[in-house]
Amino acid sequence: MNAKTYSQKPSEVTRRWILVDASEAPLGRIATQIATYLTGKYKPSYTPHIDGGDYVVVINAREAVVTGNKEKGKVYYHHTGFPGGIKDATLAEVRAKFPERIIEEAVKGMLPKNKLAAERMKRLRVFAGNDHSHTAQTPEKVEVK
């Protein structure tokens, strides 16, 4: 018997729309689940060099659940590009100003660092509240365990 290894082609990719509620589970659990959907690793047709992942819509980013002392202890850093321009903000400050960034940063950290990562991040849509602008795509609600 001469079994061939299946390799998905870009024209064969089918994408679903997934809806995830960030207030249901801790931030890390949500982020790993989203990263799995964005990469498409749960599909039997997964091919590492082809971007076969789904679109993910995240709601309630403002109510993202964190455990322990992360609200004050977790710090986000970014650099302005100027000398001495490193800025920092705690999770509480980021939640108050840009709640979407909490989910985006967590998911970005869990995606593989390769040429497909930027395209996968474009398929992630995060909303601070309960309503989103993708009702026309009829995303499937997914429970995070």
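Annotations for the structure displayed:
- Scanning the range 54-65 for residues that are crowded, with 16+ Cβ neighbours inside 10 Å, β-branched (Val, Ile, Thr) and either over 16 Å from the mean Cα position of the chain (by Cα) or over 20 Å from LEU111 (Cβ atoms) (or both) yields a single hit, ILE59.
- The residues of the range 33-69 that are part of a loop (DSSP other than H, G, I, E, B), over 26 Å from SER11 (Cβ atoms) and among the polar types (S, T, N, Q), listed by number, are ASN60, THR67, ASN69.
- Where a residue in the range 65-90 is of a type in the set (S, T, N, Q) and its partner, wherever it lies, is surrounded by 10 or more Cβ atoms within 10 Å (Cβ to Cβ), with Cβ under 7 Å and at least six apart: THR67/PRO26; THR90/LYS72; THR90/LYS74; THR90/VAL75
- Inter-residue pairs, beta-carbon under 6 Å, first closer than 16 Å to LYS70 by Cβ and of a type in the set (D, E, K, R) and in the range 94-108, second part of a helix (DSSP H, G or I) and at pLDDT 95 or above, 6+ apart: ARG101/VAL94
- Any hit, the range 122-144, residues being on the phi > 0 side of the Ramachandran plot and either without any contact (Cβ under 8 Å) to a residue 24 or more places away in the chain or out of contact with any helix residue (DSSP H, G or I) (no Cβ under 9 Å at 6 or more places or on another chain) (or both): yes
The values are calculated or read from the model by the stated rules, or taken from the named source; none is laboratory data. Only a predicted model underlies this, so the values are computations on that prediction, with no experimental measurement involved. Here Cβ is always computed from backbone atoms with ideal geometry, including for glycine, and neighbour counts include all displayed protein chains.
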